[in-house]
Amino acid sequence: MAGKTDEKGLRKVDRSALPKFASQKGRGWIDVAGTRMCLFDIPGGWLSISRSMTLFAGEDTSKRVLFEAGLGETFSTTALAAGILSMTAEGFRDAVDTYSEAGFGDFSVRELRFSDGYARISCGDAFEAWALLCSGKIADSTVCYYSTGVLLSFMKHISGRSDLVATETKCMARGDDECHFVIGTADRLRQQGIMLHEWGVTIKEKAEFLENLLEEKKRVESELRRKNVELASLNKISATVSQSLDLNEISNLAVRELRKIVGDKAVVIYLIDPRGEELTAAAEEGFSREFLESVKRLSFGEGLTGNVARARSPMAYDDYAQYPQAMEVAVQREKIKSLLSVPLMSKNSIVGVLNIASRTSYHFTDEEIGLMSHIGNQLGVAIENARLHEEITESERKYKTLVEDINDGYFVCQGGQVVFANNAFLSMHGYSRDEALGKDLTLFISPDSVASVQEAISDKISHKESSDHLEFLRKHKDGRDLPTELKIDVSEFDGKLAIIGMFRDISERKRLEQRVLQHERLASIGQLASTIAHEIRNPLSAIKINIQILSKTLSLQGFDKERLEIAETEIKRLDRFVQDLLHFARPVKMRTALNSVWDILEECLALLADRLSEKKIKVIRHKPQHLQPIRVDFEKMEEVFLNILLNSLDAMQRGGEIDVSAGEDQNLNGPMTWVEIRDNGIGIPAAHVPMIFEPFFSTKTEGVGLGLSNVKKIVEAHCGSVEVDSRVNGGTSFKILLPAR
């Protein structure tokens, strides 16, 4: 599923290549205008659900949630209990077929060893991959986590085995032909070389782990420590809010510890949203779920909580029902009798509100209000710090993403060694991250450029005036020296002086500059050639006519006649030279039409058939099966092929072989048609290869060296290019690339 790349570096998918889903009776979906209407076609669609979870919970957590959601399916257990499914291999196949019929895709069991709990399943249109492909993107990894969970749940419930795992090994969303799922024991899958996804520890699991530790601590506490629970809880809150930068951890642990202080009273912490427009319940204990849902969000001035947020001072009501703005749902449904609200302050700003509610009449003393206000100030500072940490973390994440996504090579160097490098830097040098980090910066610079780069760095450190950009040659892992532009600055990294730099590949720019210079040079040469040719042509024509007249009027014999014939022959040769100069100097005028380049090549071979036979040169043809005609000038392309073939003839004095082939390809400029002519002649010295297209360059005793120059001129007039590969005594290959338009 090849495609073009958008501005974010993601590949666009050709929608015409997406699977076609036919509407079928009994299926759980309807196809309308390329959109599948199914169980998951809620507002935003499945892709929106996945993106939203990734946005709010992170990519790894999002994937796990989708997998766990699939693993939590109840169809198989319900169907087994009702006798619709049997705990057999056929039962598993029926479950998979039902999943397909429900609209999740056409899943097919490719291999099933039911007694071993092993199965291989494929699907050409899994709904998760389908949803992503319809968005025009291609993923870097598998995406069908929900289906993976569902298929694993089917096998676990129907086989009665709990020691099974599942993974997706192929996925249409990343360019595979279909999605493949494998179920089995972890050991068996690893033996087959299948990598299993390792889930990270979730916040919930961390909280549960911490809660278990606290419960264990409570069980082993002595009676003496129980009497000091209030002091211990206060210390716990103080330590937690001063050390943790996790907002959820601070809120939940504070609520948990506060419950130890206030006993059977309910506790809830409200936090002000970043825009400062409303309060949202962040953590609670002791309230009913229904009540919390009804008061989860409160505006400023709403109820006692909203008024405390506005007034920024604590308020307590021993008889909450008598409070003028008492919320009916709190009095009638939750039976709250007394309520204390304390603002959570950070310096002079309010960040939230702490509520302590009692379902029995209770008098909040000044000491208790002061204690809760003190705790509120601690929590306020900790929450503000946590929010700042989240903002910094998010900023760092965005910055890191930006650095990783840019095309320029970004690096950080300390003590002469690379301590950070983005993907572009690694790619442009051909190294992996492990190979690059810790290496000396000079490893990535050509020896000829090391001194200039080090001087530029030294100037930056010493604050000397210097150019912001330096052009140099970088060293690729394969030994190539490539033109590069360097921009550097001095900063700090992990608290230490660091050189921050950016490598920008300028190979294409240099190539274009060289091409412009070459065109300017060719234009100058052409103008000069035209002037010389015109200056020579007129007197040459006069000499030619007079010699022809003399040869007819004079009765010369012997050497005199021979000398006149030699003069006439040389004048003809000089006239051809002038004609070549004029031809070279003129712009290429083309009359293009749809032609087969293979047919043009065959005609050239036919013209040279006698000379090929005379020199005992064998032509090996690799005719393509399908080659579309393209717009070219037949005569001009004939001149191109003849020039190259004649060079091959000259390179093989004692026979040999010429391979001719053609085909179609795709490059950055779009679809291309190519023709390659390869011989096994004497080859071209490496020092001469860059000059063979230069006007008047020739190593032959005959000719003026304009043949290959005209070849390049004609091909470029067709918006094409010529590639040469040659080795001394190893033959030469000319490859002509032409736009297939």
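Rule-based calculations on the coordinates, nothing more; no lab input. Since the model is a prediction, treat every value here as computed from it, not as a measurement. Positions of Cβ are backbone-derived with ideal geometry, glycine not excepted, and every protein chain shown enters the neighbour counts.
Could you give the distance between the Cα centres of segment 706-741 and segment 280-295, to the whole Å?
76 Å
Between rounded, prolate and oblate, where does segment 411-500 land on the alpha carbon gyration tensor, with a ≥ b ≥ c its root eigenvalues, rounded for a/c under 1.5, else prolate if a/b exceeds b/c?
oblate
Through the Karplus equation 6.51 cos²θ - 1.76 cosθ + 1.60, θ set to phi - 60°, convert the phi angles of segment 629-636 into ³J(HN,Hα) values in whole Hz; use x for Gly and Pro.
Here the 3J(HN,Hα) series is x, 10, 7, 9, 8, 4, 5, 5 Hz.
Based on the alpha-carbon gyration tensor of segment 291-338 and its eigenvalue square roots a ≥ b ≥ c, which shape applies: rounded if a/c is under 1.5, prolate if not and a/b is larger than b/c, or oblate?
Verdict is oblate for segment 291-338.
Return the subset of K510/K616; K63/K475; K477/K713; K156/K217; K623/K712 for which the Cα-Cα distance in this structure is over 32 Å, preserving the input order.
Beyond 32 Å between Cα atoms: K510/K616; K63/K475; K477/K713; K156/K217.
List the relative contact order of segment 593-739 as a percent without decimals, with contacts defined as Cα pairs under 8 Å and 6+ residues apart.
Reported as a whole number, the value is 24 percent.
Under a plain spin-label model, where a point goes 7 Å from the Cα along Cα-to-Cβ, how far apart in nm are E465 and S52?
5.9 nm
For Y410, what residues show an amide H to amide H distance below 5 Å, using hydrogens built from the backbone and excluding near sequence neighbours?
Here N422, A424, F425, F503 satisfy the definition.
Counting each pair of different Cα atoms once, what's the Kirkwood radius of segment 49-99 in Å, rounded to one decimal?
12.6 Å
Answer with one residue from F411, G430, S446: the one whose Cα lies farthest towards the positive end of the charge dipole of segment 407-518, charges on Cβ with Lys, Arg +1 and Asp, Glu -1.
After comparing all options, I get G430.
Can you pull out the GluC sites (Glu not before Pro) in segment 241-318 whose DSSP state is coil and whose Cβ has at most 12 other Cβ atoms within 10 Å?
E277
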